[in-house]
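Structure, as structure tokens:
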Amino acid sequence: MRRAVLLSLSLIVGGCVPTADFVELRDEVRELQAEKRKLKETEAELRKRLEEADRLQKSGDVAPKVDALEAKIESLRIRQQGFDQKLGELLRRLDESTRREEEPALPQAKAPAPGVKPDDTAAAKPKAGRLDVPLAALTPTAAYNQAYNDYLKGNYDLAVAGFEEFLKKFPETSLTAHAQYWIGEAYFNKRSYLPAIEAYERVIANYPKSDKVPAALAKAGVAYAELGNLVKARGLLKRVVDEYPQSAEAALARRRLAELQ
């Protein structure tokens, strides 16, 4: 999500909306980004220590240290996901703030003439509000966050529908691979492992350079394990370890591979 956040910020902040709310939100986003950078630096240091521990893992007393390091890395990964969620919400608010400044004020409705029923006047007819606009009228970030918020609330069917509509409308954005990945996660959380695997495999096949590929490989492996296909599960988890040894998913994949022995 990091690249999507930076892209959205460059578009939104570049507009220079002169409101106190906007400045406050922008500063909050910058603070979160600074904290994320610190987390990344800490994670990189832990990974170096984990690699050193792996080389010494023949000694029995090193194994607990390896487990402790993997637990710290997983904790950092969870915190980073929390920052991503906060940044997504802030970007949604920034996007709404920008559009409010750009939209012209609606003319006030005139009182109906004597003897004319309110329902007969054009001014009395309600107009669709901005929150009810169709997907086609939303920016990619707003459409993505709408589906992602459904996912966070546990509304997995709505999230899948929202992300699928997003993919149709915005097939080539920095958020596209992430939308495909969250479709897999929504199905996985519903224990619908076959459609989850299909969604993960689309991430791997269609977006091979995405930062979601290691996670898609790992979760597809776990899904296959849940279905009892241990051969497929081991193959995918081993790919994570071999192709993305520095990723957080590699540490988890090693652990799951050990469990599947």
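Grab the other residues whose beta carbon is less than 13 angstrom from that of LEU260, score K and R as +1, D and E as -1, and report the net. Spell out each step's value before the answer.
Details: positive: LYS232, ARG234, LYS238, ARG254, ARG255, ARG256; negative: GLU226, GLU259.
That sum, taken over residues with Cβ under 13 Å, equals +4.
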- Item | Inter-label distance for GLU172 and GLU51, nm, one decimal - labels placed 7 Å from Cα along Cα-to-Cβ | 3.6 nm
- Order by protection proxy (mean Cβ within 10 Å, highest first), peptides 230-241, 175-186: 175-186, 230-241
- Task: Calculate the radius of gyration of the Cα atoms of segment 144-258 to one decimal place, then report Dmax, the largest Cα-Cα distance, as a whole number, both in Å.
- Result: 13.8, 42
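Rounded to the nearest 0.05, what FRET efficiency is calculated for GLU201 and ILE78 with R0 set to 22 Å and r the Cβ-Cβ distance? Don't skip to the answer; put the middle values down first.
Values: r = 25 Å, r/R0 = 1.14.
FRET efficiency, GLU201 to ILE78: 0.30.
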- Task: Run the dipole for segment 174-261 about the Cα centre, Lys and Arg Cβ at +1, Asp and Glu Cβ at -1, nothing else charged, and hand back the magnitude in debye, nearest 20.
- Result: 120 debye
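Computed from the coordinates by the stated procedures, all read-outs in this text should not be read as laboratory data. Please read all numbers here as calculations on a predicted model, not as lab measurements. Glycine also receives a Cβ, built like all others from the backbone with ideal geometry; neighbour counts cover every protein chain displayed.
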